[in-house]
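Peer 1: Provided herewith is a single structure, encoded as structure tokens, for subsequent inquiry.
The values are calculated or read from the model by the stated rules, or taken from the named source; none is laboratory data. Since we're looking at a predicted model, the values are computed, not measured. Here the Cβ positions follow ideal geometry from the backbone for every residue, glycine too, while neighbour counts run over all protein chains shown.
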Amino acid sequence: MLKLAGVGAGYGPVQVLYDFDLEARAGEVLCLLGRNGAGKTTTLKAIMGLLPLSGGKVMLNGADFTALPAHEVPKRGIGYVPQGRRLFSELTVSENIEIGLMARGNGRATRARVLEMFPRLSERLDQRAETLSGGEQQMLATARALCLEPSVLLLDEPTEGLQPSMIQLIRETVEAMRAQGVAIVLVEQRIEAVLTLSDRVAFIENGHSREVVDTSDLTAASPLLKKYVGV
């Protein structure tokens, strides 16, 4: 289980998260939902060690890794697919995948499993990442994270700007990871995706943790969605 307890974080003198709590359980999709600027991406960056914490702890299965440098966090089995993909654009598909494998010393068997999930990437191994379509780049960013064989997967707006067929592929990937017992934290603005894919929803407002509810208790007309997202 991934747990944030009393986390404070921000950018220089600008604090974004205040005494923030969050729990993501193995084998579930937890959607972090809130308005633009509420602190969703900041939360994921804080987990990955990309921002210094002003307070609180980040723990995985009870082990505190708050003080770990950012390059050590993936070695603990936390995969991150950031908004905008952040690929090594001048490197090939194959080279981007190799970088994912190197983080935890995984090899050919892991590579084969990941490529089986994204067969289109197998056809483009020698192609530079910057020449891929938006959907293919999202595939590659997700594949790179899965090369860690993660126990926790963080996804920041994974379906943004994608056509329906690509959205369905990302959805199937998330469902497959959940079935394997991976804890998934999903930042997603598409309410339909939230309601049909997540198990629980954690609301965030102005950097503060608010209600956490089972998705089965929400509908598109739920007052909580209007209160925290404005839909």
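Peer 1: Looking at segment 177-200, can you tell me whether even one residue there is over 16 Å from the mean Cα position of the chain (by Cα) and at positive phi?
Peer 2: Checked segment 177-200: no residue is over 16 Å from the mean Cα position of the chain (by Cα) and at positive phi.
Peer 1: With respect to Thr110, determine if the residue is outside any strand (DSSP E or B), hydroxyl-bearing (Ser, Thr, Tyr) and closer than 29 Å to Gly10 by Cα.
Peer 2: No: the conditions fail for Thr110.
Peer 1: If you don't mind, there's one more thing I want to ask. In the set Thr92, Thr41, Thr66, Thr110, which member is of a type in the set (S, T, N, Q) and within 17 Å of the chain's Cα centre (by Cα)?
Peer 2: Thr41
Peer 1: Hey, another quick one. Only residues that are in a helix (DSSP H, G or I) and over 12 Å from Leu30 (Cα atoms): list them for segment 176-192, please.
Peer 2: Those that are in a helix (DSSP H, G or I) and over 12 Å from Leu30 (Cα atoms): Ala176, Met177, Ala179, Ile191, Glu192.
Peer 1: Also: Listed residues Val229, Val182; which is of a type in the set (Val, Ile, Thr), buried (at least 21 other Cβ atoms within 10 Å of the Cβ) and touching a residue at least 40 places away in the same chain (Cβ under 8 Å)?
Peer 2: Only one candidate qualifies: Val182.
Peer 1: For segment 9-45, name all the residues that are among the aliphatic types (A, V, I, L, M), surrounded by 15 or more Cβ atoms within 10 Å (Cβ to Cβ) and assigned to a strand (DSSP E or B).
Peer 2: Of everything in segment 9-45, those that are among the aliphatic types (A, V, I, L, M), surrounded by 15 or more Cβ atoms within 10 Å (Cβ to Cβ) and assigned to a strand (DSSP E or B) turn out to be Ala9, Val16, Leu17, Leu22, Ala24, Val29, Leu30, Leu32, Leu33.
Conditions tested, residue by residue: (1) at pLDDT 95 or above; (2) under 19 Å from Arg113 (Cα atoms).
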{"residue": "Gln127", "(1), (2)": "no, no"}
{"residue": "Thr142", "(1), (2)": "no, yes"}
{"residue": "Gly207", "(1), (2)": "yes, no"}
{"residue": "Gly230", "(1), (2)": "no, no"}
